[in-house]
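Worksheet for the structure shown next.
The values are calculated or read from the model by the stated rules, or taken from the named source; none is laboratory data. Because the structure is a prediction, the values reported are computed rather than measured. Neighbour counts run over all protein chains shown; Cβ positions are idealised from the backbone, glycine included. Note: accessible area is taken over every heavy atom of the protein model, side chains too, but ligands, DNA and RNA are not part of it. Shrake-Rupley method; radii C 1.70, N 1.55, O 1.52, S 1.80 Å.
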Amino acid sequence: QFFVFCHGLLQLSQLLVSSYLKSSISTIERRYGLSSKTSGLLASFNEVGNTLLIVFISYFGSRVHRPRFIGCGAILVSLAGFLMSLPHFITGPYEYDHSVASVFSNTTDLCQPEGTGSWGNLSGSICAPHTAKENHEVLLVMFIAQALLGIGGVPIQPFGISYIDDFASERNSPLYLGILFSLTVVGPGVGFMLGSAMLRFYVDVDKVGGDEVQLTNKDPRWVGAWWLGFLVAASLVAVSAVPYFFFPREMPKEELRAVATQDFPLVLLRNLRHPVFLLVVLAQVNLSAMVAGLATFMGKFLERQFSLTASFANMIIGAVNIPGAMIGIVVGGAIMKRFQMSLRQCSAMCVLGMLLCLVLAFPLVFLGCPTQKVAGVTYSQSSEFGLYASECSLHCNCPEKAYNPICGSDGIEYISPCYAGCRVVNINNNSVLNYTQCSCISENGLLGSAKPGTCGTGCFHLLLPFVVLSCLAGILASTSHTPSFMLILRSIQPEDKSFAVGIQFMLLRVLAWMPGPVLYGSAIDTTCILWEKKCDRKAACRYYDNNLFRQRYLGLQFFFEVGAF
């Protein structure tokens with residue numbers, strides 16, 4: 001029982017590291033100008049290190065000192081966590097468009113008809129080679145950290161599961177594994193809550209004073225302290241690793257004969273030819289692909305679809321969706337234990353859970369709103385204006401790269417005050433109150449005004465039904481988790497257990513966890529309608545077509561749910 005406790009703690013903190021990355025992915029995209037495809041690849045890159053080793057390590061599972069191996073893996077995971085936060089300390093402070101009117105900059109991005117005005121320090125105007133190089137270094141460090149995170153995580157789950165299943169009684173084993181699986185779901189929940197807490201702090205909280213930060217966390221240019229959570233999570237993993245160096249190699253219970261080494265290909269084939277094993281694993285592949293995309297980009301989806309801050313989006317995922325999935329897993333395990341289910345009943349329960357999940361997930365595709373009207377991007381006053389070329393601001397000499405969104409009194413969003421033709425800015429206590437005398441905004445025939453920040457999608461009222469439905473669908477889908485595991489553990493030969501779990505995790509990684517986030521990220525990138533440009537290359541996306549984003553993102557999810565069913 002103490003081993004189950006320690007293992008729960010370790011899995012919790014290991015998952016904290018990997019899920020914290022997913023909770024801060026939209027922030028890292030913004031900070032380093034990454035596309036969703038790149039960030040998806042980064043999020044799934046830990047699976048690469050994992051996949052290369054997992055089959056071999058699980059195969060030797062019954063012949064090594066398992067607890068010690070788990071401890072060494074945990075130390076690697078901890079190192080990877082510290083490495084993830086390194087880019088923050090080797091790069092300069094975050095630069096956004098300093099074209100915001102404030103006491104700290106003499107530029108304003110107002111309409112300045114006489115000459116070019118003072119557009120000096122607009123980010124992106126300087127394109128020094130070192131900025132591009134800096135970005136490559138950042139990505140290199142992060143990809144190495146992710147690979148290490150994967151390698152360190154290899155022994156943790158298969159060895160832990162087989163160690164517990166070997167030394168626990170048949171009756172208690174499903175209960176212990178149920179507890180561990182539910183913790184593997186709590187882990188990401190805590191990770192997203194940690195993300196929610198950390199992203200409220202400004203990214204350079206250690207480099208600049210609080211009074212120098214002009215952005216609020218509702219500003220689309222806001223970047224939270226993404227690196228802080230990695231330090232917290234990595235420290236926790238390091239602490240959890242300690243007890244493993246003191247567990248015995250074996251505990252008293254029935255001895256199982258170990259598989260002789262030359263049987264490796266035979267065992268592999270024997271398991272892969274097993275129809276129950278193969279079908280259950282394929283169903284789990286579909287579910288995992290769905291979860292991988294969900295976990296990586298759900299925060300970003302909520303931010304864009306319902307105009308939430310990154311911090312609030314993470315809080316919803318961590319406090320509602322993930323606990324829902326956990327309830328599903330525990331309920332599934334409890335029903336199995338209560339009714340002592342046969343394998344056939346287990347599979348029936350999986351099918352029923354997925355069917356009900358499909359019924360609830362389908363309406364989600366229709367819950368949402370189109371992108372807000374953005375002048376020159378999703379909306380033009382008359383058709384002959386191209387991108388940006390609203391005639392009302394042609395005389396303003398606006399810089400092309402400006403991004404300081406404002407919401408006009410006419411309910412239309414403008415990329416910057418200059419593009420709305422605003423001449424006057426009203427400042428109070430170092431924060432912008434509003435912009436007035438805007439030639440592109442008309443209010444009762446007079447020149448209109450605008451407030452800083454985006455207009456938002458006006459979709460907030462749909463957030464509650466969306467969250468409730470997706471939470472219920474998640475509960476139903478996850479009831480199949482424990483029964484599907486038991487289908488595998490009980491239908492293969494007992495001495496293949498450690499190995500079969502290893503093959504299963506490898507297939508899940510190769511077919512779901514690795515390609516999943518990249519697939520979702522690429523699909524999301526196709527719905528972008530305005531890219532930020534950095535040094536003439538595409539950086540992060542400024543505006544998405546929200547309807548397409550929703551249809552492609554949730555459509556992919558639905559596709560995998562049907563596959564699992």
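Structure summary
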{"item": "Only one of Leu175, Leu236, Leu215, Leu180 that is assigned by the TED database to the domain that holds Ser18, modelled with pLDDT under 90 and open to solvent by 60 Å² or more (accessible area, probe 1.4 Å)", "result": "Leu175"}
{"item": "Among (1) in contact with a helix residue (DSSP H, G or I) (Cβ under 6 Å, 6 or more places away or on another chain); (2) within 12 Å of Leu463 (Cα to Cα), the one test that Gly299 misses", "result": "(2)"}
{"item": "Qualifying residue in region 162-175 (condition: touching a residue at least 40 places away in the same chain (Cβ under 8 Å), within 30 Å of Trp227 (Cβ to Cβ), among the aromatic types (Phe, Trp, Tyr) and in contact with a helix residue (DSSP H, G or I) (Cβ under 9 Å, 6 or more places away or on another chain))", "result": "no"}
{"item": "Residue in region 440-451 that is touching a strand residue (DSSP E or B) at 6+ places or on another chain (Cβ under 9 Å) and charged (D, E, K, R) present", "result": "yes"}
{"item": "Any hit, region 46-54, residues being surrounded by 20 or more Cβ atoms within 10 Å (Cβ to Cβ), at pLDDT below 90 and under 30 Å from Arg221 (Cα atoms)", "result": "yes"}
{"item": "Yes/no for Met506 being closer than 27 Å to Ala147 by Cα and either surrounded by fewer than 21 Cβ atoms within 10 Å (Cβ to Cβ) or not assigned by the TED database to the domain that holds Tyr59 (or both)", "result": "yes"}
{"item": "Failed item, numbered, when Gly421 is tested on (1) more than 23 Å from Trp531 (Cα to Cα); (2) in contact (Cβ under 8 Å) with a residue 60 or more places away in the chain", "result": "(1)"}
{"item": "Residue check for Ala295: at pLDDT below 90 and assigned by the TED database to the domain that holds Ala348", "result": "yes"}
{"item": "Qualifying residue in region 450-473 (condition: touching a helix residue (DSSP H, G or I) at 6+ places or on another chain (Cβ under 9 Å), open to solvent by 10 Å² or more (accessible area, probe 1.4 Å), closer than 30 Å to Val280 by Cα and not aliphatic (A, V, I, L, M))", "result": "yes"}
{"item": "Region 74-107 - residue that is modelled with pLDDT of 60 or more and in contact with a Ser or Thr (Cβ under 7 Å, 6 or more places away or on another chain) and, of those, most open to solvent (accessible area, probe 1.4 Å)", "result": "Glu95"}
{"item": "Some residue of region 336-349 being modelled with pLDDT of 90 or more, assigned by the TED database to the domain that holds Ala292, open to solvent by less than 60 Å² (accessible area, probe 1.4 Å) and within 30 Å of the chain's Cα centre (by Cα)", "result": "yes"}
{"item": "From Leu175, Leu236, residue being within 22 Å of Gly324 (Cβ to Cβ) and over 18 Å from the mean Cα position of the chain (by Cα)", "result": "Leu175"}
{"item": "Of residues in region 427-439 being closer than 13 Å to Leu110 by Cβ and under 38 Å from the mean Cα position of the chain (by Cα), the one least open to solvent (accessible area, probe 1.4 Å)", "result": "Tyr435"}
{"item": "Test: residue in region 515-531 that is in a helix (DSSP H, G or I), open to solvent by 30 Å² or more (accessible area, probe 1.4 Å) and among the acidic types (Asp, Glu)", "result": "no"}
{"item": "Criterion: touching a residue at least 24 places away in the same chain (Cβ under 8 Å), of a type in the set (Gly, Ala, Ser) and within 20 Å of Gly299 (Cβ to Cβ) - qualifying residue of Ser24, Ser78", "result": "Ser24"}
{"item": "Total residues in region 4-48, condition among the hydrophobic types (A, V, I, L, M, F, W, C) and under 10 Å from the mean Cα position of the chain (by Cα)", "result": "3"}
{"item": "Flag for Leu352 being open to solvent by 60 Å² or more (accessible area, probe 1.4 Å) and modelled with pLDDT of 90 or more", "result": "yes"}
{"item": "Any hit, region 126-138, residues being at pLDDT below 65 and closer than 30 Å to Val425 by Cα", "result": "yes"}
